[in-house]
Amino acid sequence: MVSALDWHRLLPLVFVGSLVELSGCARGKDPGAADSGRAAGVDSEAVARAWCPADLAEVDAWVAVTLDAMTTSEKVAQMSGLNGIANEYGRYDGVEDTRNQIPAFRMMDGPRGAHRASGPATAFPVGIARGATWSPLLEEQVATAIAREVKAVGVNVLLAPTINVLRHPRWGRSQETYGEDPHHLGVLGGAFVQGAQAHVLAQPKHFAVNSIEDTRFDVDVRIDDASLHEVYLPHFHDALIDAGAATVMAAYNHVNGPPAAESPQLLTDVLREQWAFPGVVVSDWIFATETTHGAAEAGLDIEMPVPKVYGDALEEALADGTVEPQLVDDAVRRILRTKACFGLELGEPAVQPELRLTDAHLDLAQQVAERSAVLLKNDDLLPILSGASVAVTGRLADVENIGDGGSSAVLPPDVVTVWEGLRDEADGRTVGQVAADDVTALAAADVVVVVVGLTEEDEGEGLIAAGDRTSLTLSDEDIATIQSVAAVQSDVVVVLMGGGAITVEAWLDDVEAVLMGWYPGMRGGTALARVLYGAVPPAGRLPLTVPVQESDLPDFDNVDLTVQYDGFHGYRHLERTGTAARFPFGFGLSTTTFEVGAPRLTAEPLSVSVSLVNTGVRSGYETIQVYGGPVEVEATRARRKLLGFQQVYLEPGEREEVTVALDALDLAVYESDGWNVRPGAYTLDVAVSAEAVLYSLPLEL
Ligand code: BGC
């Protein structure tokens, strides 16, 4: 076994029978360097310098002088929000200290757009839909757009992205996150942070192991160190350290005992000591904190939205000696450093309505919705050709269905429903809305589009919205609609809406095509129509596993107040139990065909390349995925996991060399002495879904 500090002794790597030098590791990092997050002896000043957009020495000089001049009350005031209720702009402001010239944090929710309390804003597709694009480039653009729209009302901290592992699709906030896989979450979450921080500070959330709504304030998630570090934390490292998020939100749930917002394990050991995160840790709202001492001792910097265990309680604890003044100084130092590094300004911010709802933002919302739709089944029905007569039916055909009514809710001035999109984009097709029991009209059409699925009544945030789902199936009403339409019409396409996996067993064989449309945002109807009509190719790939039935997944316990997690969920769980998914993680059909040539491994930087050709007659997107793991499987670890992916657009006949960048450190395991890359035999699978492996390559480490 090799410790993280000296794992580079393993180099050179040997793969596919040849000896190849690998100097350093992927993403250009020295394996022993602080920002790997997987090495002991982290250089916290080096991490802080890389993280701070300003000159850290100058910032720290100002911080030292300012901290010195502050009274205890002024320091404590920096450590909580001011208002339990958002102000007229929908913002939660912190304290602006004019005496010490310290600007305020001004926060707003926004995983899919500026929060509805701030007035009309662009509603983008939800996070899970954006996860289905597998496009960090698009995600960065979405984040930049959302950041501009929150900045329009003076916000300087965006409470997003949500990057919790989708452990089970009944989680009410499945729609808010990007999916079930930590690597994929880290790529998308990191892209969001970089895009958002062009204008404001980002706040990835909820740190950590937050994946149940109904018991979210109280549940204690018990988890072993290896699963925590290997499955539930890597994407936070990507977003906070690699992408440089300024702040992070601690979760409501407890982790191995204490609340996450008071967790020495998460906030002290992981965040500060192992990762050297220089930014600010903020509590989730109201119910995240329990004790003054616990929060201060663990390193919670700011309690939101109002002081409960901080404020007067913190001043008293300082006075009676139960909290060390040093802890408050450390927290305030981090707060001031973050404010100065990221250039926060004093004074009431300008309101700039022109930054919202621009044509560019609306076009982007539509483009992302187009790229997110996942074609799950297509028996030669799609695209619906020009000249066809199309009947549109189903409970959600003409419903403005853009997702959760909780903290991620957005208020767009209008929403294009699927029916409106199909009607307006008709382009030579005859399109009519038809009642689900109008047998004659349904039978007479060339194609029937049935729009069904979930709404904010079925899933969402706990307490303030619908909470966790009660089942993975469609409602009986929706199933009956599909079946009755299919009884009179042979060309049926089902458009599913929702924020997670929906099981399809009761009706899949009855229909010719299924398109997963998610909650596609305010231009969603236009986007889905363009996919159905073939104006743009279906491009999405599932960022989650759709099981045959719920019992194929690990239990979802949103009742008990203690739950046990391990490293198995989604595709990792199905692979262990030898169960096929109905639609595996990474799956999505195209309306063209691709040929993937034999892969080649490159050592420096570590990568796999394939030659990809579009062999069909339509354009399309393919997403090459590389999964890997040791040949010798351990009982407590998944056999393999996603290590990298690359999506490519090709015209008919076009060929492209596709290179998937990999990081050898992603094969490290977390043990009692830290991260280790174990020498030995590994397998890399080149695939187009977690279950569709095209080539396997041996890799010796
Ligand atoms: C949610 C957070 C949100 C916060 C502020 C909490 O209930 O869990 O995601 O950012 O409220 O609205």
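Answer yes if at least one residue in region 45-63 is touching a Leu at 6+ places or on another chain (Cβ under 7 Å) and either part of a loop (DSSP other than H, G, I, E, B) or surrounded by 23 or more Cβ atoms within 10 Å (Cβ to Cβ) (or both), and no otherwise.
no
Looking at (1) of a type in the set (Gly, Ala, Ser); (2) surrounded by fewer than 24 Cβ atoms within 10 Å (Cβ to Cβ); (3) without any contact (Cβ under 8 Å) to a residue 60 or more places away in the chain, which one does ALA143 not meet, given that it meets all the others? Tallying (1) of a type in the set (Gly, Ala, Ser); (2) surrounded by fewer than 24 Cβ atoms within 10 Å (Cβ to Cβ); (3) without any contact (Cβ under 8 Å) to a residue 60 or more places away in the chain, ALA143 fails exactly one: (2).
Suppose we keep only residues that are of a type in the set (Ser, Thr, Tyr) and not in a helix (DSSP H, G or I) within region 286-306. Which one would you say is farthest from the ligand (Cβ to nearest atom)?
THR291
Annotation: of all residues in region 561-606 being assigned to a strand (DSSP E or B) and among the β-branched types (Val, Ile, Thr), the one that is nearest to VAL531 (Cα to Cα) is VAL596.
Residue pairs whose Cβ atoms lie under 6 Å apart, separated by 6 or more positions or on different chains, with the first residue in region 86-97 and closer than 16 Å to VAL351 by Cα and the second more than 13 Å from the ligand (Cβ to nearest atom) and at pLDDT 95 or above, are TYR89/VAL153; TYR89/GLY154; ARG91/ARG106; ASP93/ALA104; ASP93/ARG106. Reported count of residues in region 106-127, each being hydrophobic (A, V, I, L, M, F, W, C), within 13 Å of the ligand (Cβ to nearest atom) and surrounded by 24 or more Cβ atoms within 10 Å (Cβ to Cβ), is 3. Of all residues in region 85-104, those satisfying the criterion of being more than 13 Å from the ligand (Cβ to nearest atom) and either crowded, with 24+ Cβ neighbours inside 10 Å or among the hydrophobic types (A, V, I, L, M, F, W, C) (or both) are GLY94, VAL95, ILE102, ALA104.
Yes/no per residue for (1) over 30 Å from HIS361 (Cβ atoms); (2) in contact with a helix residue (DSSP H, G or I) (Cβ under 7 Å, 6 or more places away or on another chain); (3) of a type outside the set (A, V, I, L, M); (4) away from the ligand (no atom under 16 Å from the Cβ):
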{"site": "THR417", "(1), (2), (3), (4)": "no, yes, yes, yes"}
{"site": "VAL431", "(1), (2), (3), (4)": "no, yes, no, yes"}
{"site": "LEU442", "(1), (2), (3), (4)": "yes, yes, no, yes"}
{"site": "THR470", "(1), (2), (3), (4)": "yes, no, yes, yes"}
{"site": "SER475", "(1), (2), (3), (4)": "yes, no, yes, yes"}
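In region 253-284, the residue that is farthest from VAL200 (Cα to Cα) out of those that are in contact with a strand residue (DSSP E or B) (Cβ under 7 Å, 6 or more places away or on another chain) and of a type in the set (Ser, Thr, Tyr) is SER263. With the requirement that a residue be surrounded by fewer than 21 Cβ atoms within 10 Å (Cβ to Cβ) and in contact (Cβ under 8 Å) with a residue 40 or more places away in the chain, what does region 444-457 give you? ALA444, ASP446, GLU456 - these are the residues of region 444-457 that are surrounded by fewer than 21 Cβ atoms within 10 Å (Cβ to Cβ) and in contact (Cβ under 8 Å) with a residue 40 or more places away in the chain.
Taking the criterion of being part of a strand (DSSP E or B) and of a type in the set (Val, Ile, Thr), the residues of region 647-680 that qualify are VAL648, VAL658, THR659, VAL660, VAL669. Checking each residue in region 271-285 for being within 24 Å of the chain's Cα centre (by Cα) and more than 16 Å from the ligand (Cβ to nearest atom) picks out LEU271, ARG272, GLN274, TRP275, ALA276, PHE277, PRO278, GLY279. Just the residues that are part of a loop (DSSP other than H, G, I, E, B) and without any contact (Cβ under 8 Å) to a residue 12 or more places away in the chain, please, taken from region 307-323. If the condition is that a residue be part of a loop (DSSP other than H, G, I, E, B) and without any contact (Cβ under 8 Å) to a residue 12 or more places away in the chain, then ASP320, GLY321 are the ones that fit.
Residue-wise test of (1) of a type in the set (Ser, Thr, Tyr); (2) within 14 Å of the ligand (Cβ to nearest atom); (3) farther than 29 Å from PRO53 by Cα.
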{"residue": "PRO204", "(1), (2), (3)": "no, yes, no"}
{"residue": "ASN210", "(1), (2), (3)": "no, yes, yes"}
{"residue": "THR215", "(1), (2), (3)": "yes, yes, yes"}
{"residue": "VAL221", "(1), (2), (3)": "no, no, yes"}
{"residue": "ASP225", "(1), (2), (3)": "no, no, yes"}
{"residue": "LEU228", "(1), (2), (3)": "no, no, yes"}
{"residue": "HIS235", "(1), (2), (3)": "no, no, no"}
{"residue": "ASP238", "(1), (2), (3)": "no, no, no"}
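Among the residues examined, ALA317 does not qualify as surrounded by 19 or more Cβ atoms within 10 Å (Cβ to Cβ), modelled with pLDDT of 95 or more and within 16 Å of the ligand (Cβ to nearest atom).
If the condition is being closer than 25 Å to PRO543 by Cα, exposed (fewer than 14 other Cβ atoms within 10 Å of the Cβ) and out of contact with any strand residue (DSSP E or B) (no Cβ under 7 Å at 6 or more places or on another chain), then region 636-681 contributes only THR636.
The values are calculated or read from the model by the stated rules, or taken from the named source; none is laboratory data. Everything numeric in this text was worked out from a predicted model, so none of it was measured. All Cβ positions, glycine included, derive from the backbone under ideal geometry; neighbour counts span all protein chains shown.
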